[in-house]
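I have placed the structure first, in the form of structure tokens, so that the comments after it can refer back to it.
The values are calculated or read from the model by the stated rules, or taken from the named source; none is laboratory data. These numbers come from a predicted model, not from an experiment. All Cβ positions, even for glycine, are placed from backbone atoms using ideal geometry, and neighbour counts span all protein chains on display. Heads up: the accessible areas ignore ligands, DNA and RNA and are worked out on the full protein's heavy atoms, side chains in. Shrake-Rupley method; radii C 1.70, N 1.55, O 1.52, S 1.80 Å.
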Amino acid sequence: MKVKVMYRGGDGNTSRMEGSCPRSIILCVLLIAGTWSIKETSFIKLPCLYERPYHHPLNDQPASPRPAWVLLGGGQDIHGENLDFEGVKFLFKDSPVNLMPFLKDGLEDVKCDIAPYFTANTQILWPGVINPDNAVDSWYIYRVQHNGGKFHTATFFTKLPETPEKDEEDRHLVLATFMISTKTPNIYATLADSALLDCAFAVDHRAEVLVTWSYLGRGSLEVKLLSYNGVTKKLEHKRKDVYMQEEELQNGRASLIVNNLALTSEGLYTCSVSVASLFAEQQIRLQIRESPTVSLNVDSILTLTEGDEIKFACDASNYYPLDVTIEWLRELPNTALLPSVMSNVIYSSHRINRNGTYSLTGFFLLKVSLPDNGVKFTCRVEHESLKKPIRKSVTLIVSESPPWFLMVFITFLILALLYFVRMFCKARNASKAKPY
């Protein structure tokens, strides 16, 4: 397989850069073999996997996927290019349904697949499109997903009766007619906040669409949240905590706003858009994340005497979801050694708070000795809601305990002082004159 980057400059010349990579890479991981130049006449060469139609209507087993290429942009100039590379080629005619804005950051993390769209013998009436006898391979859908979660798209296209200059079996001129997309396939939010679930659609002509939003929670049945009928212009809300701007539907925006988020708001949301007999959907997973609040039971600088016993406790509270990591580290003063992880830490059980979040405490007991002087003890807390761990530290200052004979002497002095004070008070009371 050859890797090519092609663009047309203002002088009409075509430049190509070529490299080589194993053909199996396309079938296994779909490493992208094309980029694009931001010019008016540029085009994108997007690698896909093509799921071919069944060999026979009675055969339930589809044919193995084949390498394929989606060629976008460039107008009619693309037909004159040298497309002598292996795989099925779908040459997209210019259309208002345009995938190129999603690919402006490059193709490195993009996955694409193409499959026939079976209409179950339902004739699709589409302006400007004529499909003879509603052939089984008349309509297709190709899905493009960004592996980093930046976007997901699904686009319908159909073959055109026109043929390229070279009549090749694996080279098809096609037209994109309808696309649905989301820029938030995975969205994270906090409790009591609001979340915007992005859903957009594009149609190559003015059409009345049907829009439905549904929700599937953990351990529950799928429920309908709202629906919009483009024919009757009627928007129906099934729940009060969701909202869609009806006026934005005219601009191809069907995004959903979910207010006052709770843990019960977590789940899979589905935006479904239907035009004529074409039906597509995008799924958006909403997850609640609450960062832990970390606190220690001691001050940042702690002064103790040799032989004292103390409990160091680190509390991580109000986090969600459940998994959290609490570690205590011991760092020696004036050394380049890495802190060591303490192994004698004891953990409480997870405590469930009223709002459904969790709390956990990790603690250890220490009998202070002189080698602990200047040692820094750090509690490190990790959670999926945090970009980096939270650290809380305490530095221990240890003073040497006085020798035993000094303690005995001090105790004797205190007792003697108390005795003389008592005798003094007794003598003073006795010296007072009696009233009789």
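In table form, for the structure just shown:
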item	result
Lys387 vs. criteria among the basic types (Lys, Arg) and within 22 Å of Asp299 (Cβ to Cβ)	no
Test for Thr325: is it open to solvent by 40 Å² or more (accessible area, probe 1.4 Å) and either over 29 Å from Asp193 (Cβ atoms) or over 26 Å from the mean Cα position of the chain (by Cα) (or both)	no
The lone exception for Pro333 - which of (1) open to solvent by less than 30 Å² (accessible area, probe 1.4 Å); (2) outside any strand (DSSP E or B) it fails	(1)
Flag for Lys387 being basic (Lys, Arg), out of contact with any Cys (no Cβ under 9 Å at 6 or more places or on another chain) and either surrounded by 15 or more Cβ atoms within 10 Å (Cβ to Cβ) or not in a loop (DSSP other than H, G, I, E, B) (or both)	no
Output for segment 226-246, where each listed residue is outside any strand (DSSP E or B) and not aliphatic (A, V, I, L, M)	Gly230, Thr232, Lys233, Lys238, Arg239, Lys240, Asp241, Gln245, Glu246
Identity of the residue in segment 249-265, open to solvent by 30 Å² or more (accessible area, probe 1.4 Å) and not β-branched (Val, Ile, Thr), that ends up nearest to Asn229 (Cα to Cα)	Gln250
Which numbered condition Thr177 fails, given (1) in contact with an Asp or Glu (Cβ under 6 Å, 6 or more places away or on another chain); (2) within 28 Å of Phe85 (Cα to Cα); (3) surrounded by fewer than 20 Cβ atoms within 10 Å (Cβ to Cβ)	(3)
Exclusive hit being in contact (Cβ under 8 Å) with a residue 24 or more places away in the chain, in contact with a strand residue (DSSP E or B) (Cβ under 7 Å, 6 or more places away or on another chain) and of a type outside the set (Lys, Arg), set Ile346, Ile390, Ile352	Ile390
In segment 209-223, residue nearest to the chain's Cα centre (by Cα) [restricted to those that are exposed (fewer than 14 other Cβ atoms within 10 Å of the Cβ) and of a type outside the set (A, V, I, L, M, F, W, C)]	Arg218
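Table: residues versus (1) within 34 Å of the chain's Cα centre (by Cα); (2) among the hydrophobic types (A, V, I, L, M, F, W, C); (3) open to solvent by 60 Å² or more (accessible area, probe 1.4 Å); (4) modelled with pLDDT under 70.
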site: Lys39; (1), (2), (3), (4): yes, no, yes, yes
site: Lys45; (1), (2), (3), (4): yes, no, no, no
site: Tyr50; (1), (2), (3), (4): yes, no, no, no
site: Asn59; (1), (2), (3), (4): no, no, no, yes
site: Pro62; (1), (2), (3), (4): yes, no, yes, yes
site: Pro65; (1), (2), (3), (4): yes, no, yes, no
site: Phe85; (1), (2), (3), (4): no, yes, no, no
site: Phe92; (1), (2), (3), (4): yes, yes, no, no
